[in-house]
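Beneath this line is the structure, given in structure tokens, with notes to follow.
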Amino acid sequence: MIDVLLGLQWGDEGKGKIVDFLCDKYDVVARFQGGPNAGHSLKINGQSFVLNTIPSGIFREHCINIIGNGVVVDPLKLKAEIEKVAAAGANVFANLYISKKAHLILPTHLLLDAASEKAKGDAKIGSTLRGITPTYQDKTGRSGLRLGDIFSPNFKTKYAELAGKHLQMIDFLSGDTDLAKLEPAWFEAVEFLKQLKFIDSEYYVNDLLVQGKKILAEGAQGSMLDIDFGTYPFVTSSNTTSAGACTGLGVAPSRIRKVYGVFKAYCTRVGSGPFPTELDNEIGELIRKKGHEFGATTGRPRRTGWLDLPALRYAIMLNGVTDLMMTKADVLCGFDTVGVCNEYNLKGSITSQLPYDLCEDGLSPKTTDMPGWDETLYIANGYDNAPDTFKSYVKYIEAETELPVSLISTGPEREKTFLR
Ligand code: GDP
Ligand code: IMO
Ligand code: MG
């Protein structure tokens, strides 16, 4: 069977930590979309790791880790990541498998991403500049290169054709066309990757399912960054919702059992775009400080705000979430009150639905203040020992979403996780 775990907000919900915790009970962890725009943090035995492309099961000796066809891969970044996790003791050459159908991020995709962001000026998306959009554009434009192509005798010719096309586009956007500084290391990384296990991942994954293996599909980004349902155009270029697990791994919807939706006890967003509950004030600053809300990939400060229930319910609906998992509840320790947005005020009317365009003028959150909880949450040994005000917060979310919060995380470490 296959379970899917994904983010319900704007990314960075703590997916990596939860996958690392849960995959004790799984045989396989598989990434299905996104690329090195993702930064999934794990903290194991006091050591912190950030994974960008490698699935978060890599530190579990028994786990097979698959990079699915829906992922976009930068060989240079992946090589660096493999070296890092191998040095930390992960059995990466044995346990990592890559789909031949995953698309390649070329050095020109990075230059194109930077040039198009620059050309957008104030309207920029705030991309991670990892070449994600241009790579997915080439995929849907049917001119992309896939990892399986690196074994083709024509690889260099195909590469040169595509890179040449990109250079013309970059030149048109008045971007940086200095490719010579990037190419040698990139080609070296492509050679390095050849020692990995390349698979026809759709067959491989379905065979594992027939063998009765337990697979956890690990989402990247968050539902509000989904290309179809996120806050378009301030989104990423893949389907981050559960449907993406089907297309990004080649599994049928009927195979999916549980959908775990991870959310923070508040909200964050990095990059541009609408954020109805944003706290552009001292409270927001305090949450950023206490929650160390700085991007795991880019180091950019994350914008912070109260929990947004209309957006959460929307994400639950789109993904068919069966279980909620709440992270970073500890960050709100010590607040007298904690805000929750249950509805929006849209030009004088109250709505609990997300409007077509969240950027619309006249949209403001209707926020309720709930009693906060004290520092004992840090030391609470299990949910039963948590402060009553915290339990009321959890019960309120459960009532509003009609779903159980089946896991609560109160710290970056594996041990700071309660199952309910
Ligand atoms: P991901 O992209 O969804 O995997 O999340 P990130 O790793 O980008 O960001 C989550 C951050 O919060 C990381 O620094 C984690 O170590 C940290 N984290 C995860 N869960 C908790 C938690 O329950 N409490 C606290 N304080 N930090 C957490
Ligand atoms: P994880 O998996 C948070 C945001 C970027 C930008 C927008 C588009 O760690 O949760 P892109 O580089 O994809 O073209 O950027 O999406 N973004 C993320 N924000 N977490 C992520 O991944 C993100 N991946 C992309 O900041 O606003
Ligand atoms: Mg992240």
What length, rounded to one decimal in nm, is gained on full extension from residue 182 through to residue 286, with 0.36 nm per residue of separation minus their alpha-carbon distance? 33.5 nm
I'd like the distance separating the alpha-carbon centroids of region 56-102 and region 362-420, in whole Å. 33 Å
Please list, short to long, the whole-number percent of alpha-carbon pairs of region 35-150 in consecutive 10 angstrom bins beginning at zero. 14, 41, 30, 13, 2
Once you've got the GNM for the chain with C-alpha springs shorter than 10 Å, pick whichever of 229, 32, 155 has the biggest mean-square fluctuation. 155
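Can you compute the equivalent ellipsoid semi-axes for region 44-88, i.e. the square root of 5 times each eigenvalue of the Cα gyration tensor, sorted largest first and rounded to whole Å? If you can, show how the numbers build up before the last one.
On the way: eigenvalues 68, 37, 15 Å².
Taking √(5λ) for each Cα gyration eigenvalue gives 18, 14, 9 Å.
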Once Lys and Arg get +1 and Asp and Glu get -1 on their Cβ, which of 406, 315, 151 lies farthest toward the positive end of the dipole of the chain? 151
What are the residues whose amide H is under 5 Å from the amide H of residue 98, where those residues sit 5 or more places off or on another chain and H is modelled from the backbone? 67, 197, 198, 199
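Treating only the Cβ atoms of Lys and Arg (+1) and Asp and Glu (-1) as charged, compute the dipole magnitude of the chain about its Cα centre; round to the nearest 20 debye. Present the calculation step by step, with values, prior to reporting the outcome.
Numbers: 46 positive and 51 negative charges, 211 e Å.
Magnitude of the dipole: close to 1020 debye.
Take the Cα pairs of region 155-252, get the Kirkwood Rh, then feed it into Stokes-Einstein at 25 °C and 0.890 mPa s and tell me D in µm²/s. Mind showing how you got there, number by number?
Values: Rh = 17.2 Å.
Answer, rounded: 143 µm²/s.
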Answer in debye to the nearest 20: the dipole magnitude of region 121-270 about its Cα centre, from +1 Lys/Arg and -1 Asp/Glu charges placed on Cβ, is 640 debye
What does the accessible area of residue 369 come to, in Å² to the nearest 10, when a probe of 1.4 Å is used? 100 Å²
So, with a 1.4 angstrom probe, what is the percent of accessible area on the chain that is carbon and sulfur? 52 percent
Check which residues have an amide H placed less than 5 Å from residue 335's amide H, if you skip close sequence neighbours. 373
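Can you work out D for region 336-420 in µm² s⁻¹ from Stokes-Einstein, where Rh is the Kirkwood radius over C-alpha pairs, the temperature is 10 °C and the viscosity is 1.306 mPa s?
Working: Rh = 15.0 Å.
Translational D for this selection: 106 µm²/s.
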Let me check something: with ligands and nucleic acids excluded, how do 198, 263 order by accessible area (1.4 Å probe), largest to smallest? 198, 263
With DNA, RNA and ligands ignored, accessible area of residue 140 (1.4 Å probe; Å², nearest 10): 110 Å²
Under a point spin-label approximation (7 Å from Cα along Cα-to-Cβ), what is the residue 169-residue 213 distance to one decimal in nm? 3.5 nm
From Cα coordinates alone, what are the radius of gyration and Dmax values for the chain in angstrom? 21.3, 65
Give me Rg over Rh for region 1-83, both radii from the alpha carbons and Rh done the Kirkwood way, two decimal places. 0.92
With Cα springs under 10 Å, the Gaussian network model of the chain assigns the largest mean-square fluctuation among 59, 93, 234 to 93
Theoretical ellipticity at 222 nm over the chain - DSSP helices of four or more residues, -39500 (n - 2.57) apiece, nearest 500: -9500 deg cm²/dmol
Could you check the spin-label model distance between residue 203 and residue 157? Points 7 Å from the Cα along Cα→Cβ, value in nm. 2.7 nm
If you take the C-alpha gyration tensor of region 284-385, multiply each eigenvalue by 5 and take the square root, what semi-axes do you get, largest first, in whole Å? 26, 17, 16
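The values are calculated or read from the model by the stated rules, or taken from the named source; none is laboratory data. These numbers come from a predicted model, not from an experiment. Because the Cβ atoms are built from the backbone with ideal geometry, glycine has one as well, and the counts that use them run over all protein chains shown. Each accessible area value is taken on the protein alone, full model and side chains, heavy atoms only, with ligands, DNA and RNA left out. Shrake-Rupley method; radii C 1.70, N 1.55, O 1.52, S 1.80 Å.
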